[in-house]
Amino acid sequence: MSRSALITGITGQDGSYLAEHLLAQGYEVHGLVRGQNNPRAATVSRIAPELHLVEGDLHDQSSLIGVLETTHPDEVYNLAAISFVALSFKQAINTGQITGLGVTRLLDAIRLVNPTIRFYQASSSEMFGKVRETPQNELTPFHPRSPYGVAKVYGHHITVNYRESYGMFAVSGILFNHESPRRGLEFVTRKITDAVARIKLGLESELRLGNLDAQRDWGFAGDYVRAMHLMLQQPEPDDYVVATGETHSVREFLELAFSQVGLHWQDHVVCDERFLRPADVDMLVGDAGKARRELGWAPTVSFPELVAMMVESDLRTLSSSGGLAAAP
Ligand code: NAP
Ligand code: F7E
């Protein structure tokens, strides 16, 4: 009998990479889709045609119970969230409801339907926020800087609490920023690579950005979903940091992305205070030593390779669509 997995957030960046990875391992994979006629469902079905889509919403607990009862998963990966930090400042309560309380709704549904299901929570380096030490590891204290980060801290602690209170196999993966050609256009990396391609093709001339000094530990999403799966295969549930161990500024990302197509970013980038946040995270860099030692996990894509992959993909997509398509 093949193993079965349920992924929430299937229409997001990580959802499609994780579905592909699990399908390649022989899993039957179910993906939770919210909303009526969600347009992103067609995209993920094109990427992973063997995927089974089911309807549900982290706002609606009975929909989660119904999905668990019909799909019988061995493993649940909770990737669904309001994940855009800037939006979380504008919709703090909604972010708390989905990114925070949504975790409890799902954990409680699992506890009621089948407490032996293994559970992965998509925690985030945003929990470290105003960092207390560098690099950050599993024991670094949290100091979130946004409603998103605060909601993720709640999601992390409730995951640990259900493990300790009910003996559930519930783990929290503390993942640092990970990017890809499938990254949403609202995030800075894809916003830059999409703009580089548009400017190179003569479709646009300017890119408006906020804080260029922010530094992030950027890895490749395809590498990070392998770590999620490995965490649920361990003999005991535990929490892991997943990161490359390198940090780079938004300015460095710009430099690499523009120079790849023979352009200077200074000729095109305009600083626009609309993209500044009420509070930002200055610098993140993770210590993934525990994941390396216990999971045997290591990243395979370097920072320059990641930037090149994203620029090439956006150039290819926009060239073949005459500038109309937003996603590969
Ligand atoms: P993403 O592209 O923003 O995807 C978020 C997903 O959540 C989408 O599929 C979205 O569905 C779904 N969703 C939102 N509200 C929902 C609701 N009420 N019920 C059910 N589904 C809902 O995020 P990602 O980059 O793939 O990240 C996956 C997870 O990892 C997120 O929890 C994120 O916070 C976390 N994380 C990401 C990173 C990173 O660098 N990518 C790092 C650390 C942690 P719709 O299509 O319906 O909007
Ligand atoms: O911003 C700065 C911005 O939105 C990165 C999410 O996946 O990773 C992600 O959160 C930095 C910030 O990602 C623009 O101020 C400058 O300092 O790409 P981002 P994020 O906030 O790091 C973590 C780990 C998650 O968990 C989240 O879900 O770039 N920045 N100018 C800008 N950012 C954006 N989006 N747009 C700008 O114009």
With (1) more than 16 Å from ligand 2 (Cβ to nearest atom); (2) under 19 Å from the mean Cα position of the chain (by Cα); (3) open to solvent by 40 Å² or more (accessible area, probe 1.4 Å) as the list, and E75 as the residue in question, which single condition is left unmet? (3)
Within the range 147-189, the residues that are of a type in the set (G, A, S) and within 14 Å of ligand 1 (Cβ to nearest atom) are G149, A151, G155, S172, G173, S180, G184
Looking at the range 91-121, which of the residues that are more than 19 Å from E236 (Cβ to Cβ) and not in a helix (DSSP H, G or I) is nearest to ligand 2 (Cβ to nearest atom)? Q91
Taking the condition of being over 15 Å from A288 (Cβ atoms), more than 12 Å from ligand 2 (Cβ to nearest atom) and in a loop (DSSP other than H, G, I, E, B), how many residues in the range 134-161 meet it? 3
Some residue of the range 102-119 being modelled with pLDDT of 95 or more, within 12 Å of ligand 1 (Cβ to nearest atom), under 30 Å from E69 (Cβ atoms) and among the polar types (S, T, N, Q): no
Restricting attention to the range 194-208, does a residue exist that is more than 16 Å from ligand 1 (Cβ to nearest atom), closer than 30 Å to Q136 by Cα and more than 24 Å from the chain's Cα centre (by Cα)? no
Given the conditions (1) over 30 Å from E204 (Cβ atoms); (2) assigned to a helix (DSSP H, G or I); (3) aliphatic (A, V, I, L, M); (4) open to solvent by 10 Å² or more (accessible area, probe 1.4 Å), report the number of the one that M309 does not fulfil. (1)
Quick check: anything in the range 116-135 among the polar types (S, T, N, Q) and open to solvent by 40 Å² or more (accessible area, probe 1.4 Å)? yes
Check off (1) under 22 Å from the mean Cα position of the chain (by Cα); (2) under 30 Å from E294 (Cα atoms); (3) away from ligand 1 (no atom under 11 Å from the Cβ) for S124 and give me the number that stays unchecked. (3)
Exactly one of these conditions fails for G202: (1) of a type outside the set (D, E, K, R); (2) out of contact with any Leu (no Cβ under 9 Å at 6 or more places or on another chain); (3) under 30 Å from E164 (Cβ atoms). Give me its number. (3)
Looking at (1) open to solvent by 30 Å² or more (accessible area, probe 1.4 Å); (2) touching a Phe, Trp or Tyr at 6+ places or on another chain (Cβ under 7 Å), which one does G245 not meet, given that it meets all the others? (2)
Has the range 81-90 got at least one residue that is part of a helix (DSSP H, G or I), among the basic types (K, R) and surrounded by 15 or more Cβ atoms within 10 Å (Cβ to Cβ)? no
Among residues of the range 34-72, those that are open to solvent by 50 Å² or more (accessible area, probe 1.4 Å), touching a strand residue (DSSP E or B) at 6+ places or on another chain (Cβ under 7 Å) and either of a type in the set (A, V, I, L, M, F, W, C) or free of Cβ contacts under 8 Å to residues at least 12 places away in the same chain (or both), counted: 1
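Looking at the range 175-209, which of the residues that are more than 9 Å from ligand 2 (Cβ to nearest atom) and of a type in the set (V, I, T) is most open to solvent (accessible area, probe 1.4 Å)?
Taking the range 175-209 as the starting set, the residues that turn out to be more than 9 Å from ligand 2 (Cβ to nearest atom) are 180-182, 185, 193-206.
Adding the requirement that they be of a type in the set (V, I, T) leaves 193, 196, 199.
On the way: T193: 0, V196: 0, I199: 18 Å².
So the residue we want is I199.
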So L139 ticks every box in (1) farther than 30 Å from R316 by Cα; (2) more than 20 Å from the chain's Cα centre (by Cα); (3) open to solvent by less than 70 Å² (accessible area, probe 1.4 Å); (4) of a type in the set (A, V, I, L, M, F, W, C) but one. Which box is left unticked? (3)
Checked D280, D314 against criteria (within 16 Å of ligand 1 (Cβ to nearest atom), open to solvent by less than 70 Å² (accessible area, probe 1.4 Å) and acidic (D, E)); the one match is D280
Restricting the range 255-272 to residues that are out of contact with any strand residue (DSSP E or B) (no Cβ under 6 Å at 6 or more places or on another chain) and open to solvent by less than 50 Å² (accessible area, probe 1.4 Å), the residue that is farthest from S172 (Cα to Cα): L263
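The values are calculated or read from the model by the stated rules, or taken from the named source; none is laboratory data. These numbers were taken from a predicted model, which means no experiment stands behind them. For neighbour counting, all protein chains shown are included, and Cβ atoms are generated from backbone atoms with ideal geometry for every residue, glycine included. These accessible areas exclude ligands, DNA and RNA; they are computed on the full protein's heavy atoms, side chains included. Shrake-Rupley method; radii C 1.70, N 1.55, O 1.52, S 1.80 Å.
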